[in-house]
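The values are calculated or read from the model by the stated rules, or taken from the named source; none is laboratory data. All values reported here derive from a predicted model rather than from experimental measurement. Cβ atoms come from the backbone with ideal geometry, glycine included; neighbour counts cover every protein chain shown. Areas reflect the complete protein model, heavy atoms only, side chains present, ligands, DNA and RNA absent. Shrake-Rupley method; radii C 1.70, N 1.55, O 1.52, S 1.80 Å.
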Amino acid sequence: MSKPEGDITPQLAAFLTSWAQRTRPLSTGDTVTLQGLDCTNPGPDTQDLYFATGADHLSNVSALPATLANQDFLCTDSLRNAFFPEIFRKHTAVNNLHLVLRGKGRFHLALRAHDTEGSTRLLGDTASSDTGAPLRVSLGADWPEAVRMSALVQGRSGKSRLDSLTWETAAPREAEGRMVVLLRTFGRTRDVVALFAKLRREAALGDYGHFLRNTAFVILDASNGVGKRDYASVTAGGLFNVFTYAGANLGGGGNMSQVMLHARAAFEQAGMTPDEVLLLDDDLTVSLESLRRNWAASLFRTDTTMFTLPVFRQNNHRVLWEDGSMWGRFAGGSISGKREVIRPRFLRHGRTIESTADFQDMAAAHYPEYSTFIFQSLPAAILPDMGYPAAFFLRGDDIEYSLRGRRLGHSVLSNPNLASWHEPAHSYGQEYMSISHGLIVNLCYGQEDAGTMVQFFLQRALSHLGVADPMGLELYATILEDICSKEMFLAHGFAPRYLERLAYFRGFEKKFEQLPPEIIFEILEQGDARHGQAEHHFFLYMMPDRPVDRSTGAKKARKSKTMRRDTASRIPLTQVILTNPNNWTQYIYRPQEAAHGVAVARAAARLYARIEQFSDQFDNLKDHYRRQLDETMRADFWRKELQERPETISLITSGQRND
């Protein structure tokens, strides 16, 4: 039986003690780099996300130094290299800014400000000779509000070599400047190792020494059979301060609580507390420059605001998935401001970055209601008040943790100087967890009436009945059954129960297969030819009166009102194709088969019975889950949970940075 604070804590405390002794604090007046150039553009199609493009503009910069021909420009007015100073104005003690160019040759350097309406003005400029001295444009404490700033560099000699272009400040006060990154993973060891390989390559592109020296990475890997050899490339060469250990798999929220429990115990035993703790996901893409920018933004905090970042689609680097979110409000037709729906409102969702106009509003401070654990940065001093993430296996743990922080007075700010890329996914199992946990969050954070929740499940029942889909009906019936049982969620031994449920829903997904578009098209056409009706719908959140477009390979639901069908009087369905748009797999079934009809009837009866039960027990459920949530915030809950697990919590490997 593992004892989390008796086995791994002394080793982690010793690691942190050694690291803390080697960090370099900042003194008042020290030069601090707030932002350098991000040169991690993945390909030619996204150059303009990193540097402005145009005639005589150098935009394909993949490393520094970069050479500018005479009269050539390099412009940082782009998503990744514009400078958004509002976070420093509102949440730090930073009171001076300097745009600094270092290189060889002659340059002209201009500093420009762009407001949220698209207006541009010159804040300062300067020119250099061949002396090689840094070129600097400085601003005092009164820089403009709600602007993004950009640098326009022009080469003024035959070959002007640009070594660095940085936004700097003189430290307004002393700071230890220590940041601990907590990362948990299960089954994604290769992704974590690949992330560190990427960070290693980027470390050679700039001066990241102080940041890397003052940052420690603590990784919980709950995967089976992971050993020292798997992380050998991470510790090689002494570039990172990194401590990796094996533990129990308690899912996303559980594993974050687990690594947080061990880290906080080690902080106490080591007699040190870092300034900042960054919670990081295991399958994101983020640059070393973004990590350093976050560290710099946290150095001179004046409040306890939690920082997050815009999250873009991994498969389309231009498309925003979310820039923070609201939960249960201002979504799904709800405009009351009350928490009454079981869904997020992703902010700036689906926005495509094609020009500066698409991100100019990011210059103003942006405060979403919650941020994901893809990237959440918070002052370590608030951890005792915040407690531990809820005992949710996956989905919703970050929502609840953010809402808890807001209740305690810690708001969330999205920092547009940062960015990450992540690919969303969804399945029956993930829908089970999303809706179950969303219900619990609403019950615990302000929903006082069952009405809108009941309407949600009635609508899901109608939609799945409209296409005679028993699996969807079973999904939502199971959610309400488990909610009403009070045994599934926020209770000890939760992880095995989740794994059992997820295995059940994987049985649904095994019925899906990848079909060529021409097969789908042929099935739909033959359905019409037999005077029956074949329809194509998404596997969740389908609209029976809006099938997926028949066009070969089309992936969008029909929008035209003229194409809607009256579900009560339409031609009987002879075949239905359900598609999961996350992996574009299909499941085909015949609603008119007798056994299928019986399955639909049974699932529907079960769902309607559970809806009635949920409505009748609403007040009791609300009180129960508020008590249980409070319990899972506490360290004692997680100590007991880990003591009852059979896994051994043990060191995998650790390494210190060689400076």
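Observations on the structure shown:
- Accessible surface, per residue, of the range 94-141 when the full set of protein chains is kept, probe 1.4 Å, Å²: 48
- Separation of the SER411 and ALA170 label points, Cα + 7 Å toward Cβ, nm: 3.0
- Average accessible surface for the range 26-68: 43 Å² per residue, computed with a 1.4 Å probe over protein heavy atoms with every protein chain in place.
- The calculated Kirkwood hydrodynamic radius for the range 443-513 is 14.1 Å, given to one decimal from all distinct C-alpha pairs.
- FRET efficiency, 1/(1 + (r/R0)^6) with R0 56 Å, evaluated for THR116 and GLU612 via beta carbons: 0.65
- Rounded FRET efficiency, nearest 0.05, which uses the C-beta distance separating SER27 from VAL193 and R0 of 30 Å: 0.25
- Between SER650 and ASN620, the contour length at 0.36 nm per residue exceeds the Cα-Cα span by 6.7 nm.
- Acute angle (nearest 10 degrees) that the helix 189-203 long axis makes with the longest principal axis of the chain, alpha-carbon atoms: 20
- Kirkwood hydrodynamic radius of the chain, Cα pairs, Å: 27.0
- Per-residue accessible area (protein heavy atoms, 1.4 Å probe) orders LYS159, LYS338, LYS486 as LYS159, LYS338, LYS486, starting from the largest.
- Highest mean first, the peptides 198-211, 248-261 sorted by other C-beta atoms within 10 Å per residue fall in the order 248-261, 198-211.
- In loop segments of the range 1-106 as defined by DSSP, there are no chymotrypsin sites (Phe, Trp or Tyr not before Pro) with at most 13 further C-beta atoms inside 10 Å of their C-beta.
- Taking the chain and dividing mean pair separation by its residue count, relative contact order in percent (alpha carbons under 8 Å, at least six apart): 17
- The residues of the range 273-423 present an accessible area of 29 Å² per residue when probed at 1.4 Å with all protein chains retained.
- Using θ = phi - 60° and Karplus 6.51 cos²θ - 1.76 cosθ + 1.60, couplings along the range 362-378 (whole Hz; Gly, Pro as x): 5, 5, 7, 4, 10, 10, x, 7, 8, 10, 7, 6, 4, 7, 9, 10, 9
- Added length on full extension, which subtracts the Cα-Cα distance from 0.36 nm per residue, SER336 to ALA204: 42.4 nm
- The H on the amide N of TRP327, modeled in the peptide plane, is under 5 Å from the matching H of ARG345, each at least 5 residues off or on a different chain.
- Note, ³J(HN,Hα) from phi for the range 627-639, Karplus 6.51, -1.76, 1.60, rounded to Hz, x at Gly and Pro: 5, 5, 4, 4, 5, 6, 6, 8, 4, 4, 4, 6, 4
- Taking label points 7 Å from Cα along the Cα-to-Cβ direction, GLN11 and SER62 give a separation of 4.0 nm.
- Heavy-atom accessible area with a 1.4 Å probe sorts ARG112, ARG188, ARG645, largest first, into ARG188, ARG112, ARG645.
- Ratio Rg/Rh, restricted to the range 356-444 and using Cα atoms, in which Rh is the Kirkwood radius: 1.00
- Relative to the longest principal axis of the Cα atoms of the chain, helix 288-298 runs at roughly 80 degrees.
- Note on the chain: helix-only mean residue ellipticity at 222 nm, from DSSP H runs of 4+ residues weighted -39500 (n - 2.57) and normalised by residue number, equals -10500 deg cm²/dmol.
- FRET efficiency, 1/(1 + (r/R0)^6) with R0 41 Å, evaluated for SER129 and ALA232 via beta carbons: 0.25
- The chain - percent of accessible surface contributed by carbon and sulfur, probe 1.4 Å: 48
- Extension reserve of the GLU354-SER138 stretch, reckoned as 0.36 nm per residue once the Cα distance is removed: 74.7 nm
- Residues whose amide H falls under 5 Å from that of LEU123, counting only those 5 or more places apart or on a different chain, are LEU111, ARG112, ALA113, with hydrogens built in the peptide plane.
- From phi via Karplus (6.51, -1.76, 1.60), per-residue ³J(HN,Hα) for the range 416-428 in Hz, x at Gly/Pro: x, 6, 10, 7, 9, 10, 7, 9, x, 8, 8, 7, 4
- Close amide H pairs (under 5 Å, H built 1.01 Å from N) link GLN533 with THR574, GLN575, residues at least 5 positions away or on another chain.
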